[in-house]
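Undergrad: So that we are looking at the same thing, I have put the structure below in structure tokens.
The values are calculated or read from the model by the stated rules, or taken from the named source; none is laboratory data. Computed from a predicted model, the values in this text were never measured in an experiment. Virtual Cβ from ideal backbone geometry, glycine too; neighbours counted across all protein chains shown. What goes into the accessible areas is simple: the full protein's heavy atoms, side chains included, and nothing from ligands, DNA or RNA. Shrake-Rupley method; radii C 1.70, N 1.55, O 1.52, S 1.80 Å.
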Amino acid sequence: MTVKEVLEYAKKNKVEMVDLKFIDFPGTWQHFGIPTTELHEKLFEEGSGFDGSSIRGWQAINNSDMLVVPDPATACLDPFTKIPTLSMVCNIVDPITRDPYQKDPRHIAQKAEAHLKSTGIGDVAYFGPEAEFFIFDSVRFDQNSHSGYYFVESEEGIWNSGKEGTNLGYKPRHKEGYFPVPPIDSQEDIRAEMVREMEKAGIQVEKEHHEVATAGQAEIDMRFDSLVTMADKLMLYKYICKNVAKRHNKTVTFMPKPLYGDNGTGMHTHQSIWKKGKPLFAGDEYAGISKTCLYYIGGVLKHAHALAALTNPTTNSYKRLTPGFEAPVNLAYSSRNRSASIRIPMYSPSPKAKRIEVRFPDPSCNPYLAFSAMLMAGLDGIENKIDPGEPVDKDLYELPAEEAAKIKTMPGSLNEAIDALAADHDFLLKGGVFSEEVLFTWIEYKKGKEMDPMRLRPHPYEFFLYYDV
């Protein structure tokens with residue numbers, strides 16, 4: 001929508017409040033509301049002020065005034081408010097210089113799109129994330145100086161097969177949730193409601209289903225879109241999933257590994273580059289892809305360790321990236337082979353459907369940063385003609401030790417990924433897409449707010465292992 005169309009839309013739908021949403025540095029939506037008396041054309045030029053020092057990873061308190069400027073193209077009705085509310089995603093602007101804020105992840109993604117065009121390689125990068133999640137009945141957790149625990153509950157969890165009282169069975173066993181019909185799949189109606197709300201908000205959905213794990217693992221697949229628009233949609237997707245679950249007195253998490261002993265939650269990310277309406281990844285090479293696509297794959301594989309700091313940015317991410325749970329830890333590419341970290345889908349022979357699926361990201365990432373970083377790695381591969389090597393069409397989990405030793409794997413911890421990003425990030429700086437300051441802030445935030453606190457705390461399992469030493 002244009003600005004005028006937004007104003008007309010708000011009037012037509014009798015909107016009473018406007019919700020202005022933006023993403024913080026780690027990747028969580030923030031918001032504040034304004035009454036419709038403040039909704040006018042100047043809002044889209046002048047913006048609305050807020051305290052940037054209160055947002056994680058942003059301005060210092062002595063330089064904290066900032067502006068949100070809504071993007072009219074993102075306007076939709078918020079489905080979860082009691083009174084009619086218009087929702088818009090915003091960019092962050094400095095109130096003095098009127099320049100975009102350099103640590104605004106959405107601005108970084110906009111620069112990535114602009115950089116693609118400036119290279120002449122293509123004019124649009126399409127992304128299609130498959131964000132998985134769990135729908136639990138309840139969750140409790142705490143951590144303090146003398147105790148630490150978490151407790152997840154799900155009526156669908158196989159651990160409740162022996163629960164006393166009314167128990168109807170029909171619980172998917174570990175790794176058997178993909179995908180039996182109801183009553184084993186107990187959450188079809190909730191997912192369908194999520195799809196309905198997504199479609200109302202302008203998200204085109206292709207399918208929904210139960211995922212592999214027990215206890216309500218789910219996936220809803222969105223139609224691909226351009227980089228920034230898809231990142232906007234993924235944030236809306238998360239918002240809708242969480243709030244529909246809340247309607248049903250349930251809770252959704254996008255944590256990569258909330259359950260021990262079952263599959264984790266990934267976000268396989270389909271991507272391709274087009275130019276003047278033509279797909280650049282279709283060709284006569286392996287699996288019907290082009291040289292351009294092969295080089296893009298080469299760039300992603302070369303920089304995978306550094307990318308992990310942005311695509312798998314939590315300590316919990318590396319509980320998922322372990323062999324044995326369909327986790328794509330092996331840095332290889334293949335067609336149809338889901339044990340490789342990059343798959344070339346073969347569902348359709350159409351050149352327009354030719355793409356790659358990068359399988360290692362997870363939905364704990366900030367999508368603006370993760371999509372931008374993967375694009376920059378791929379472009380580096382194209383520009384430098386990085387050879388990805390030969391494809392591997394075998395089950396990578398069952399390779400003989402000699403063959404397996406020749407294939408590199410993803411980092412084993414966030415510490416390793418952060419160290420890799422510190423050592424390998426020149427490809428992200430091209431075109432001014434990322435900056436040294438942005439990457440330094442990211443690294444320091446992860447160390448100070450996540451890695452060090454995890455490193456310093458006793459783990460409950462350590463009591464089991466070591467209390468009697």
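Undergrad: For region 1-135, what's the radius of gyration and Dmax over Cα atoms, in angstrom?
TA: My reading of the Cα-based Rg and Dmax gives 16.3, 48 Å.
Undergrad: A follow-up question, please. Which of the chymotrypsin sites (Phe, Trp or Tyr not before Pro) across region 314-404 are loop residues per DSSP, with 13 or fewer other Cβ within 10 Å?
TA: Of the chymotrypsin sites (Phe, Trp or Tyr not before Pro), the ones in loops of region 314-404 whose Cβ has at most 13 other Cβ atoms within 10 Å are Tyr347.
Undergrad: A further question on this structure: Modelled label-to-label distance, Arg223 and Ala422, 7 Å Cα→beta-carbon offset: nm?
TA: Simple spin-label model gives 4.5 nm for this pair.
Undergrad: Taking the alpha-carbon centroid of each part, what is the distance from region 72-151 to region 331-352 in angstrom?
TA: 28 Å
Undergrad: Lysines within cross-link reach of Lys275: Cα-Cα under 18 Å, excluding same-chain residues under 8 positions apart?
TA: Straight-distance partners of Lys275: Lys111, Lys117, Lys291, Lys352, Lys354.
Undergrad: Just how many % of Cα pairs in region 311-373 lie over 19 Å apart, if you round to the nearest whole percent?
TA: For region 311-373, the share of Cα pairs beyond 19 Å comes to 39 percent.
Undergrad: Starting at the first residue of region 133-143, write each ³J(HN,Hα) from the Karplus equation 6.51 cos²θ - 1.76 cosθ + 1.60 with θ = phi - 60°, in whole Hz, x for Gly and Pro.
TA: For region 133-143, the Karplus-derived couplings read 6, 10, 10, 9, 7, 6, 8, 10, 7, 7, 8 Hz, x marking Gly and Pro.
Undergrad: Then there is this: When each pair of different Cα atoms in region 1-69 is counted once in the 1/r mean, what is the Kirkwood radius in angstroms, to one decimal?
TA: 13.4 Å
Undergrad: What list of ³J(HN,Hα) couplings, whole Hz, do you get for region 291-306 from phi and the Karplus terms 6.51, -1.76, 1.60, once you set θ to phi - 60° and write x for glycine and proline?
TA: 4, 4, 5, 4, 5, 4, 4, x, x, 5, 5, 4, 9, 4, 5, 5
Undergrad: While we're looking at this one, here's another question. So what's the projected area for region 317-454, the Cα convex hull averaged over all directions, in nm²?
TA: Over all viewing directions, region 317-454 projects a mean Cα-hull area of 10.0 nm².
Undergrad: At Asp189 and Gln204, where each label point lies 7 Å from the Cα along Cα→Cβ, what is the point-to-point distance in nanometres?
TA: For Asp189 paired with Gln204, the spin-label model returns 3.1 nm.
Undergrad: OK, next. Find how much the distance from Val124 to Ser145 grows on full extension, using 0.36 nm per residue of separation minus their present alpha carbon separation; answer in nm with one decimal.
TA: 2.5 nm
Undergrad: Can you list the residues, at least 5 places off or on another chain, whose amide H is less than 5 Å from the amide H of Lys175, using H built in the peptide plane?
TA: Thr214, Asn263
Undergrad: Any chance you could run the full-extension gain for Ala353 through Trp159? It's 0.36 nm times the residue separation minus the Cα-Cα distance, nm to one decimal.
TA: Values: separation 194, 0.36 × 194 = 69.84 nm, distance 4.07 nm.
Answer, rounded to one decimal: 65.8 nm.
Undergrad: Next up: Could you tell me what percent of the accessible area of region 203-325 is made up of carbon and sulfur, with a 1.4 Å probe and every protein chain present?
TA: Solvent-exposed carbon and sulfur of region 203-325 make up 51 percent of the total.
Undergrad: To one decimal place, what orientation-averaged projected area in nm² is obtained for the convex hull of the Cα set of region 59-100?
TA: Numbers: hull surface 16.9 nm².
Spelled out: convex hull of the Cα atoms, projected over all directions, averaged, 4.2 nm².
Undergrad: For Gly52, what charge total do you get from the other residues with a beta carbon under 14 Å from its beta carbon, if Lys and Arg give +1 and Asp and Glu give -1?
TA: -4
Undergrad: Something else about it: Taking all protein chains in place and a 1.4 Å probe, what share, in percent, of the accessible surface of region 331-469 do carbon and sulfur account for? Please report the intermediate quantities before stating the final value.
TA: Working: 3900 of 7220 Å².
Its accessible area is 54 percent carbon and sulfur atoms.
Undergrad: For Lys275, what is the net charge nearby, where nearby means another residue's Cβ is under 12 Å from its Cβ and Lys, Arg count +1, Asp, Glu -1? List each step's numbers first, then the result.
TA: On the way: positive: Lys117, Lys276, Lys278; negative: Asp123.
Neighbourhood net charge equals +2.
Undergrad: Quick one: which residues, 5+ away or cross-chain, put their amide H under 5 Å from the amide H of Leu77? H built at 1.01 Å from N.
TA: Amide H neighbours of Leu77, under 5 Å, 5+ apart: Ser87.
Undergrad: Considering amide H positions built from the backbone, and no H for Pro or chain starts, which residues 5 or more places from Lys275, or on another chain, come under 5 Å of its amide H?
TA: Under 5 Å from the amide H of Lys275: Asp123, Leu280.
Undergrad: Another question, if that's okay. With a 1.4 Å probe and every protein chain left in place, work out the accessible area per residue of the chain in Å², rounded to a whole number.
TA: Per residue, the chain has 47 Å² of solvent-accessible surface.
Undergrad: Compute and list, largest first, the equivalent-ellipsoid semi-axes of region 188-245 from the alpha carbon gyration tensor, each √(5λ) rounded to a whole angstrom.
TA: Numbers: eigenvalues 75, 30, 21 Å².
Here the semi-axes work out to 19, 12, 10 Å.
Undergrad: State the Cα centre-to-centre distance between region 360-382 and region 435-469 in whole Å.
TA: 24 Å
Undergrad: Report the Stokes-Einstein translational diffusion coefficient (µm² s⁻¹, integer) for region 87-242, Rh taken as the Kirkwood radius over Cα pairs, at 37 °C with viscosity 0.692 mPa s.
TA: 176 µm²/s
Undergrad: I'd like the distance separating the alpha-carbon centroids of region 235-304 and region 194-229, in whole Å.
TA: Centre-to-centre (Cα) distance: 12 Å.
Undergrad: Where does the charge balance sit around Pro183 when Lys and Arg score +1, Asp and Glu -1, over other residues with C-beta under 11 Å from its C-beta?
TA: It works out to a net charge of -2.
Undergrad: Looking at this model, which pairs from Lys4/Lys82; Lys103/Lys447; Lys21/Lys449; Lys82/Lys103 are more than 28 angstrom apart at the alpha-carbon?
TA: Among Lys4/Lys82; Lys103/Lys447; Lys21/Lys449; Lys82/Lys103, the Cα-Cα distance tops 28 Å for Lys82/Lys103.
Undergrad: At q = 0.07, 0.09, 0.12 Å⁻¹, what log₁₀ I(q)/I(0) does a Debye calculation on the Cα points of the chain give, no solvent, two decimals?
TA: Those come out to -0.37, -0.63, -1.15, one per q.
Undergrad: Now a separate question. When we measure straight from the Cα of Lys319, which aspartates and glutamates land under 15 angstrom away, once same-chain ones fewer than 8 places off are left out?
TA: Asp262, Asp362, Glu416, Glu450
Undergrad: Hey, what did the chain get for relative contact order, percent, Cα under 8 Å, at least 6 apart?
TA: Here the relative contact order equals 14 percent.
Undergrad: So, one more: Provide the FRET efficiency to the nearest 0.05 for the His459-Arg338 pair, computing r from the beta carbons and using R0 = 25 Å. Present the calculation step by step, with values, prior to reporting the outcome.
TA: Details: r = 31 Å, r/R0 = 1.24.
According to the calculation, E is roughly 0.20.
Undergrad: Let me ask another. Can you tell me the length gained on complete extension of the stretch Thr166 to Lys408, counting 0.36 nm per residue apart and subtracting the Cα distance?
TA: Going from the current span to full extension adds 82.2 nm.
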